[in-house]
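Colleague: Let me give you the structure first, and then I'll get to my questions.
The values are calculated or read from the model by the stated rules, or taken from the named source; none is laboratory data. Since this is a predicted model, take the numbers as computed values, not measurements. All Cβ positions, glycine included, derive from the backbone under ideal geometry; neighbour counts span all protein chains shown. The accessibility values were calculated without ligands, DNA or RNA, using every heavy atom of the protein model including side chains. Shrake-Rupley method; radii C 1.70, N 1.55, O 1.52, S 1.80 Å.
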Amino acid sequence: MRRALLIASSLAIVAGSANAQDQITLQFWDNQQTESGLSEYQRAAVERFEEENPDINVEVTTIPYPEYQQRLLTAVQGGNAPDVATLDQIWVGAFAESGSILALDEMAAEAGVEADTFFPGAWESANYGGQLWGIPFNVDVWSFGFYNKALFDEAGIDPESTVTWEGLRNAAAALTGDGRFGIGLFAGRGEDTVVALDSFIFSNGGRVLAEDGSCALDEAPAVEALEYIASLAPYAPAGILNSNSGSMRELFLNGSLAMELWPALEQPTLQKSDLDWGFVVGFAPEGKTPVGAYGGWNLAIFESSEHQEAAWKFIEFMTREDVNGDVVDLIPANVNAAEVFLEENRVGPDRILDHLNNAQPRPVSPRYLEISDIQVTMFQDVFQGVEPQEAADKACTAIDALG
Amino acid sequence: MSRGSKRTQRVWLAALQLAVALLILVPFFWMVSVSLKPGTEPFAIPARLWPQNPTLENYVTAFRPEFQTYFLNSLIVSGATVLITVTLALLAAYVFSRAQMRLVSIVMGLVILAQMFPASAIIIPMYKIMREANLLNTYAALIIAYVTVTLPVAIWMLRGFFARLPITLEEAAEMDGAGPMRTFVEIILPLSKPGVVATAVYVLIVTWQEFLFALSFTSTREMRTLPVGINDFIGQYGIRYGELMASSVLISMPVIAVFFLLQRYFVAGLTAGAVKG
Amino acid sequence: MIARERWLVWLFIAPAAILVGVLMYYPMIGTVIESFYSASFISPQPTFVGLKLYNELFANAGFYQIVWNSLVWTVIVVLLQNLLGFLVALLLNQQLPGQGMLRALILLPWVLPGVVAAVLWRFMYDPQLGLINSFLMSLGLTGTGMAWLGEPSMAMGAAIIAAVWKGFPFSTVVYLAALQNVDREQVEAATVDGAGPIARLFDVILPAMREVVMINVILTTVFTFNYFDMIWVLTRGGPQNATHIFPTKIFELGFGQFRFGEAAVYGVFSILVLVLLIMLYFAVQRTGRSWRRSQ
């Protein structure tokens, strides 16, 4: 009996180690999708991948957004970064500059992965210094103006009139009062503030950084946008300097806010509510087209990874047309997958696609986080009554000093 | 003082007592109230003191399988920290209070001084040390870190306690022929129970809620502790308050329970220690 | 006697000394050294820059605001916690009905995990949905919700209130224990001498508690100065840096923006300012004592 056990266990060990030698384990980190509990889809996708690639085993670690950046940073600093991870678009510049992620141009060229497969803004966000540093995974656009039909009807305003700046302001004014607010503007310290307010700048033809990398916020289009935003402030809920998109959503859901600014991601939440809602595709001055600001994630391979080939295979898989739509709850970055996804999951897919194709990314810079911080200060200054040109000049001085 | 005005005085004091109790309890009440609000019911303006359709669904969500992992981790890490910190602090504080050597006082002074170091300033170097020692994502990393940061205060608390124990106790034991170790174990230790309990409760409460180190030293789900687990309900764009509060209630209950059970000893320990510090 | 066995003495001290030395002093020294290098995530190769970062800091108005905020935050929170703690301790020391219950409940805020308390208060302060505004509006004291955390002028005050709520119970328990340990005979002697309750308080009770007060004030000062959770969750240091203190600034620079050199400089100053604050406290205490002695 004992002998049999001994033989059995040695066989098991040998068999195990033989497998272990052929088995590669990939560490994959992703943002934890609190909204939708996406993890089951990720797991299903991973299983599918492992079926197609039996010699690769993928370990998924999901990390809540508030700590994701810090964890990645400490992991890279500490020398135990994952093999593959999703990176917020705004982190790509810093990770690229630091040399901690791999340039993917060769691998992409060999595999035939090209720019056209993805939304132009998303592809742009993955390029820095003339090289490709990530493959777009998912995207969304700030912002759509989700409106409460009942409130608009009650006030006798046509929601579609809000697509122009004048129209939005008039509507917001009419809808504010009696404890209700017209437009959900927010300016707390957070990236959602930047991305939502950037879209006003973009829609007026302005930019954050010019082609040569210098600050463009003090130029006319951006300053006009700031002036416009300041004029909307009286119609936004009080406490604008400490509020964020989440607090706006709470107000919208309980009927105190006529219009909230959110990406398409908001739709499932609204579907579940009792509200009668609709949306407009952004706002722009009369005669111009609304331009949204991209948000989203790219997949990157870490330089320290010992399984770069396998990691690439995983990325290729996750961004493949037939897979991309199943593993995201933002919108797939793969255009074809996105069309299918939007048809199946979102109201008004064509309008969303238009907004996606128009949208611009935020600056790709290794110092983006500092730029963002300066922008938040600028927006907060404006809401506190500082002259927009002055606020913009101050911001540009700070941004240009970053060098 | 006349009987009547003394009565009014007592009534005023009782009212003050009630006010203090309310001050303490109202936020807790609110926490529970929010935790019972279903996700589909929007927040009302003005705030409702009690949800329209109270439900336990948030607690069900909060008590997910990960919660049990986080709970176990918190239990192991806090428990081990309390044991180790109290032990080491006992030894160090006792010697600190008895030894006449200048060097000892300086060393101990430096140890106690260390509580001034801000955590966020030392955390990255600490992280590197843990990494070199291959201790990331282990209980050991957190336990070692927690023991280290709670030792200074623990030693300070216990030293005050020991300073109050008269040296005649040890002198008597010596005359009876007992060696220093025996004196320590058989005479000093039993007498230090109140101080030990007070220190233990303090360390437990502090480590149970610790957030920054736990966040930095563990990356895998399996190793997370309860406070870090709260982040599960804070998304990129919004906070799920109902589940967050339910989770908070669940996290708070164990320490509140321990505290209620031991509070008499805690106060007694503080009496003996901090008072004549 | 243990004092005689030197090896035993060192053995007992060694673990604590080694742990704290390796894991607190060594990193702290590392941080000091790091403050002379400019290192960030994007340029991880540390380049020696000497005092450059220090100079930049002194030229930056934001630095002085952090110092000011930290001082205001610490001093006021410590003052209120100790004052409120003492008053409530006095209250609990009277023989009143329901006292046992209150004494058991009193430590609840302190026991509540810090992050939880902070999220709770953040929600309570919400301009539209929060409990506090609803309460004030129902009393007719205000028309619309006030942005407690959104107005730079009010944010620090709001944060202070939350921190005092969280921490005063600890002071209460300490002072209650101290009150119960005051020599009964001295108090009675004073009463016999005709001293009223106020006189008894200031001439007998408080002096007897002096050492406890000092220790508690120092403890709460150190803790409050380095208290990260509350402000970070409430306001992230905003709005417009109105509530940014050393711990939040260090975290934001180091972990939020990956600027390690600058975070290290703030770290160094964090300790310097705290030490100065405590020395100031000792100085005030000493002058207070000699003033009283001269009376």
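Colleague: Using a 10 angstrom cutoff on alpha carbons, build the Gaussian network for chain A and name the most mobile of A:329, A:350, A:212.
Modeller: A:212
Colleague: To continue, here is another question. State the volume of the convex hull built on the alpha-carbon positions of the stretch A:113-195, expressed per residue in Å³ and rounded to an integer. Let's see the in-between values first.
Modeller: Working: hull volume 12.8 nm³, N = 83.
Dividing the Cα hull volume of the stretch A:113-195 by its residue count gives 154 Å³.
Colleague: While we're looking at this one, here's another question. What angle do you read, to the nearest 10 degrees and between 0 and 90, between the alpha-carbon axis of helix A:349-358 and the longest principal axis of chain A?
Modeller: 90 degrees
Colleague: Are any of the pairs B:6/C:166; A:149/B:37; C:166/C:249; C:52/C:166 more than 31 Å apart by Cα-Cα distance, and if so, which? Present the calculation step by step, with values, prior to reporting the outcome.
Modeller: Values: B:6/C:166 33 Å; A:149/B:37 26 Å; C:166/C:249 22 Å; C:52/C:166 40 Å.
With Cα atoms farther than 31 Å apart: B:6/C:166; C:52/C:166.
Colleague: Determine the per residue accessible area of chain C with all protein chains present and a 1.4 angstrom probe, expressed in square angstrom. Mind dumping the intermediate values first?
Modeller: Numbers: 12410 Å² over 295 residues.
Ligands and nucleic acids excluded, the result is 42 Å² per residue.
Colleague: Considering just Cα atoms, how many Å³ per residue does the convex hull of chain B enclose? Kindly include the intermediate steps, with their values, before the conclusion.
Modeller: Numbers: hull volume 58.2 nm³, N = 277.
In chain B, the Cα hull volume divided by residue count equals 210 Å³.
Colleague: Over the Cα atoms of the protein assembly as shown, what is the Rg over Rh ratio if Rh follows Kirkwood?
Modeller: On the way: Rg = 30.4 Å, Rh = 30.6 Å.
Ratio of gyration radius to Kirkwood radius for the protein assembly as shown: 0.99.
Colleague: For chain B, find the longest principal axis of its Cα atoms and tell me its angle to the long axis of helix B:65-98, 0 to 90°, nearest 10.
Modeller: 20 degrees
Colleague: Tell me whether the stretch B:7-85 comes out rounded, prolate or oblate; compute the Cα gyration tensor, take square roots of the eigenvalues as a ≥ b ≥ c, and use a/c under 1.5 as the rounded threshold.
Modeller: Working: a/c = 4.47, a/b = 1.23, b/c = 3.62.
Since a/c reaches 1.5 but b/c is at least a/b, the shape of the stretch B:7-85 is classed as oblate.
Colleague: At 1.306 mPa s and 10 °C, plugging the Kirkwood radius over alpha-carbon pairs of the stretch A:177-296 into Stokes-Einstein gives what diffusion coefficient in µm²/s?
Modeller: Values: Rh = 15.2 Å.
Reported coefficient: 104 µm²/s.
Colleague: So what is the relative contact order of chain B, in percent, for Cα pairs below 8 Å that sit 6 or more residues apart?
Modeller: On the way: 278 pairs, mean separation 84.0, N = 277.
Once normalised by length, the contact order is 30 percent.
Colleague: Also, quick follow-up: Among the aspartates and glutamates, which fall within straight-line cross-link reach of residue A:272, defined as a Cα-Cα distance under 15 Å, with same-chain neighbours fewer than 8 residues apart omitted?
Modeller: Once the sequence-local aspartates and glutamates are set aside, what remains near residue A:272 is A:35, A:250, B:41.
Colleague: Now for a different question. With a/c under 1.5 counting as rounded, go ahead and sort the stretch B:1-153 into rounded, prolate or oblate using the C-alpha gyration tensor (a ≥ b ≥ c being the square roots of the eigenvalues; past the cut-off, prolate if a/b is larger than b/c, else oblate). Walk me through the numbers before you get to the answer.
Modeller: Details: a/c = 3.11, a/b = 1.30, b/c = 2.38.
Here the stretch B:1-153 falls in the oblate category.
Colleague: I would also like to ask the following. Got a sec? Charge dipole of the stretch C:174-245, +1 on Cβ for Lys and Arg, -1 for Asp and Glu; which of C:206, C:190, C:237 is way out at the positive end?
Modeller: C:237
Colleague: Still on this structure, please answer the following. Gap in Å between the Cα centre of the stretch A:280-294 and the Cα centre of the stretch C:192-226?
Modeller: Here the answer is 64 Å between Cα centres.
Colleague: Another question, then. Counting alpha carbon pairs within less than 8 Å and at least 6 residues apart, what relative contact order, in whole percent, applies to the stretch A:160-259?
Modeller: 39 percent
Colleague: Using the Cα atoms as the points, what is the convex hull volume per residue of the stretch A:234-356 in Å³?
Modeller: 166 Å³
Colleague: From other protein chains only, count the Cβ atoms within 10 Å of every residue's Cβ in B:87-100, then give the mean. Intermediate values should be presented prior to the final figure.
Modeller: Details: counts 1, 7, 2, 1, 8, 7, 3, 4, 10, 4, 2, 6, 11, 3.
Across the residues of B:87-100, the mean count of other-chain Cβ atoms within 10 Å is 5.
Colleague: Next question. Going by a 1.4 Å probe on protein heavy atoms, which residues of the stretch A:181-195 end up with at least 50 Å² less accessible surface in the whole assembly than in their chain alone?
Modeller: Residues meeting the cut-off: A:189.
Colleague: With only alpha-carbon atoms counted, please give the Rg and Dmax of chain A, in Å.
Modeller: 23.4, 88
Colleague: Okay, moving on. What length, rounded to one decimal in nm, is gained on full extension from residue B:168 through to residue B:140, with 0.36 nm per residue of separation minus their alpha-carbon distance? Write out the running numbers ahead of the final one.
Modeller: Values: separation 28, 0.36 × 28 = 10.08 nm, distance 4.02 nm.
Net length gain for the segment: 6.1 nm.
Colleague: Of the listed peptides C:155-168, A:171-184, what is their order by residue-averaged count of other C-beta atoms within 10 Å, with the highest listed first?
Modeller: Working: C:155-168: 23.2, A:171-184: 19.9.
For the peptides C:155-168, A:171-184, the packing ranking is C:155-168, A:171-184.
Colleague: Then there's this: What is the dipole size for the protein assembly as shown, taken about its Cα centre, with +1 at each Lys and Arg Cβ and -1 at each Asp and Glu Cβ, in debye to the nearest 20?
Modeller: On the way: 56 positive and 89 negative charges, 1387 e Å.
So the magnitude is around 6660 debye.
Colleague: Consider just the alpha-carbon atoms of the stretch C:192-257 and return their Rg together with their Dmax, both in angstrom.
Modeller: 20.1, 66
Colleague: Pull up the DSSP beta bridges for chain A and report the antiparallel fraction as a percent, rounded to 5.
Modeller: Details: 28 of 42 bridges.
If I count the DSSP bridges inside chain A, around 65 percent turn out antiparallel.
Colleague: If you don't mind, there's one more thing I want to ask. Return the equivalent ellipsoid semi-axes of the stretch C:173-295 as a descending list in whole Å, where each equals the square root of 5 times an eigenvalue of the C-alpha gyration tensor.
Modeller: Working: eigenvalues 361, 51, 25 Å².
Its equivalent ellipsoid spans semi-axes of 42, 16, 11 Å.
Colleague: Which one, A:170, A:144, A:197, is farthest towards the positive end of the dipole of the stretch A:106-202 when Lys and Arg carry +1 and Asp and Glu -1 on their Cβ?
Modeller: The one lying farthest along the dipole's positive direction is A:170.
Colleague: While we're here: For the protein assembly as shown, what is the calculated [θ] at 222 nm in deg cm²/dmol (nearest 500), taking -39500 (n - 2.57) for each run of four or more DSSP H residues and dividing by its residue count?
Modeller: Values: 45 runs with 591 residues, N = 975.
Theoretical 222 nm ellipticity from helices: -19500 deg cm²/dmol.
Colleague: Something else about it: With label points built 7 Å along Cα→Cβ from the Cα atoms of residue A:238 and residue C:76, find their separation and express it in nm.
Modeller: Placing both labels 7 Å along Cα→Cβ, they lie 1.9 nm apart.
Colleague: Rounded to the nearest 0.05, what FRET efficiency do residue A:288 and residue B:106 have when you use their Cβ-Cβ distance and R0 = 51 Å?
Modeller: Values: r = 72 Å, r/R0 = 1.41.
Using R0 = 51 Å, I get an efficiency of 0.10.
Colleague: Give me the dipole magnitude in Debye, nearest 20, for chain A about the Cα centre, with unit charges on the beta carbon: positive for Lys and Arg, negative for Asp and Glu.
Modeller: Numbers: 20 positive and 62 negative charges, 212 e Å.
For chain A, the charge dipole is close to 1020 debye.
Colleague: Find which of B:183, B:194, B:141 sits farthest along the positive direction of the dipole of the stretch B:129-255, computed with +1 on the beta-carbon of Lys and Arg, -1 on that of Asp and Glu, about the Cα centre.
Modeller: B:141
Colleague: Rounded to the nearest 20 Debye, what is the dipole magnitude of the stretch A:305-403 about its Cα centre when Lys and Arg each give +1 and Asp and Glu each give -1 at the C-beta? If you can, show how the numbers build up before the last one.
Modeller: On the way: 7 positive and 19 negative charges, 29 e Å.
It comes to approximately 140 debye.
Colleague: Report relative contact order for the stretch A:298-372 in percent, whole number only (criteria: Cα-Cα under 8 Å, sequence separation at least 6).
Modeller: Details: 36 pairs, mean separation 11.1, N = 75.
This gives 15 percent for the stretch A:298-372.
Colleague: Right, something else. Of all DSSP beta bridges located in the protein assembly as shown, what percent are antiparallel, nearest 5? Mind showing how you got there, number by number?
Modeller: Details: 32 of 46 bridges.
Here the share of antiparallel DSSP bridges comes out near 70 percent.
Colleague: Also, I was wondering about something else. Using every Cα-Cα pair within chain C, state what percent have a distance larger than 28 Å.
Modeller: In whole percent, the long-distance tail amounts to 54.
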